[in-house]
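K.L.:
This is the structure I have questions about; it appears just below.
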Amino acid sequence: MSEAALLLDDITCTFAARDGQGSYTAVKNSSLAVAPGEFVSVVGPTGCGKSTLLNVAAGLLQPSSGNVKVFGAPLKGINHRAGYMFQGEALMPWRNALSNVTAGLEFAGVPPNEARERGLEWLKRVGLGGFEDRYPHQMSGGMRKRAMLAQTLIRDPDIILMDEPFSALDIQTRQLMENEVLEIWMARRKAVLFITHDLDEAIAMSDRVIVLSAGPGTRPIGEFAIDIPRPRDVAEVRNHLRFVELHKAIWDVLREEVLKGYAQQKRA
């Protein structure tokens, strides 16, 4: 593998316990790398620390130990070479679609005319051409996710971080969004670290899938190359024989961890 676009090296994240007594280690001695142009998905049980690793990669969370490198350089503070698409709503309700999409350019000092032109271009690219004046409350869930995607990509980040971005969508809208992301990614080939709890989604979209253990002390326990030809349609690829084989192989590793995570949630 060439020099990683993103390297998380022996990351441990320990937090104070909720009751103030002792501590809780969410992630322990975890390492993963994403090469330039590679699409990597991370799957694991609910609450295992997937988003914690993503926040470390974004520079939003300082690990207790370990190192983060971005294209070989140690990460200090916010990862300015990354764009982050959050799981929850990230649109500002007082801004229309165009103003939300161009917010990052505005904060970066891009001239208003240039920002508007780029914003309109990205809205068209994600299927929102003509909807630039809509406010978030006037848009469907799928439309808001498209606006968030444009908001993330408009600054042309070298690394794209995505935290279960489509989990709240209905299956039809979700598959449309997944295919749109793949189409944009195929055209620009940025490094992607994609967090999901959906194994089908992970296999359909990725070059590699990394499986995390149940917490506490989450760590990678499996890594699978997704050797299914591209381009892919996320609905049709599920019928591919290799998809079925990979799904079984990954689920054989993941199943026990999911059961552990479920048991822990019942005890909580």
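The values are calculated or read from the model by the stated rules, or taken from the named source; none is laboratory data. Worth saying up front: this structure is predicted, and the values here are computed from it rather than measured. A quick note on method: Cβ atoms are made from the backbone with ideal geometry, for glycine too, and the neighbour counts reach across all protein chains shown. Accessible surface areas use protein heavy atoms only, side chains included; no ligands, DNA or RNA. Shrake-Rupley method; radii C 1.70, N 1.55, O 1.52, S 1.80 Å.
K.L.:
Mean-square fluctuation check for the chain, GNM, Cα pairs under 10 Å: which of Ala103, Ala225, Ala16 is largest?
P.N.:
Ala16
K.L.:
Further, regarding this structure: More than 19 Å apart: what percent of Cα pairs in region 125-179 qualify? Present the calculation step by step, with values, prior to reporting the outcome.
P.N.:
Details: 420 of 1485 pairs.
Summing the P(r) tail past 19 Å for region 125-179 gives 28 percent.
K.L.:
Starting from 0.36 nm per residue, how many nanometres of slack lie between His137 and Trp94 once their C-alpha separation is accounted for?
P.N.:
14.5 nm
K.L.:
Let me ask another. How big is the C-alpha Rg of region 78-151 next to the rule-of-thumb value 2.2 N^0.38 Å, as a ratio?
P.N.:
Relative to the 2.2 N^0.38 Å estimate, region 78-151 comes out at 1.03.
K.L.:
So how exposed is Arg188, as accessible area in Å² (1.4 Å probe, rounded to 10)?
P.N.:
The accessible area comes out at roughly 90 Å².
K.L.:
With n ≥ 4 as the cut-off for DSSP H runs, can you work out [θ] at 222 nm for the chain, using -39500 (n - 2.57) per run divided by the number of residues, rounded to the nearest 500? Display every interim value, and only then the final one.
P.N.:
Working: 8 runs with 98 residues, N = 268.
My calculation for the chain gives -11500 deg cm²/dmol from helical runs alone.
K.L.:
Pop out the ³J(HN,Hα) list for region 92-103 in order, Karplus 6.51 cos²θ - 1.76 cosθ + 1.60 with θ = phi - 60°, rounded to Hz; leave Gly and Pro as x.
P.N.:
Per-residue couplings from phi come out as 7, x, 8, 10, 6, 4, 4, 5, 5, 5, 8, 4 Hz.
K.L.:
What residues have an amide H closer than 5 Å to that of Ile195, excluding those fewer than 5 places away on the same chain, when H is modeled at 1.01 Å from N in the peptide plane?
P.N.:
Long-range HN contacts for Ile195: Val42, Met162, Asp163, Glu164.
K.L.:
Still on this structure, please answer the following. Can you give me the Cα centroid spacing of region 151-217 and region 1-43 in angstrom?
P.N.:
17 Å
K.L.:
Once you charge only the Cβ atoms, +1 for Lys and Arg and -1 for Asp and Glu, what is the size of the charge dipole of region 147-268 about its Cα centre, to the nearest 20 debye?
P.N.:
Details: 16 positive and 20 negative charges, 66 e Å.
My answer is approximately 320 debye.
K.L.:
I need to check one value: relative contact order of the chain, counting alpha carbon pairs closer than 8 Å and at least 6 residues apart, in percent.
P.N.:
26 percent
K.L.:
Indicate, rounded to the nearest 5 percent, the antiparallel portion of the DSSP beta bridges found entirely in the chain.
P.N.:
55 percent
K.L.:
Ratio of region 37-91's C-alpha Rg to 2.2 N^0.38 Å, to two decimals?
P.N.:
For region 37-91, the normalised Cα radius of gyration comes out at 1.21.
K.L.:
Next question. For a quick check, take a GNM of the chain with Cα springs below 10 Å and name the residue from Phe107, Phe224, Phe39 with the largest mean-square fluctuation.
P.N.:
In the Gaussian network model the winner is Phe107.
K.L.:
To make sure I understand the rule: partners must be lysines, Cα under 28 Å from the Cα of Lys28, and not fewer than 8 residues away in the same chain. Which ones qualify?
P.N.:
List returned: Lys50, Lys69, Lys76, Lys190, Lys248, Lys260, Lys266.
K.L.:
Given the Cα atoms of the chain, and with Rh set as the inverse mean 1/r over their pairs in the Kirkwood sense, what is Rg to Rh to two decimals?
P.N.:
Rg/Rh for the chain comes to 0.97.
K.L.:
Still on this model: What would the Debye equation give as log₁₀ I(q)/I(0) for region 149-249 at q = 0.15 Å⁻¹, counting only Cα atoms as equal point scatterers?
P.N.:
-0.65
K.L.:
Using a probe of 1.4 angstrom, how much of the accessible area of the chain is carbon and sulfur, in percent?
P.N.:
Answer for the chain: carbon and sulfur cover 51 percent of the accessible area.
K.L.:
If I take all pairs of Cα atoms in region 55-201, what percentage of them are more than 23 Å from each other?
P.N.:
So the portion of pairs separated by more than 23 Å is 36 percent.
K.L.:
Might you tell me the accessible area per residue for the chain, computed with a 1.4 Å probe and given in Å²? Intermediate values should be presented prior to the final figure.
P.N.:
Values: 13000 Å² over 268 residues.
Accessible area per residue, the chain: 49 Å².
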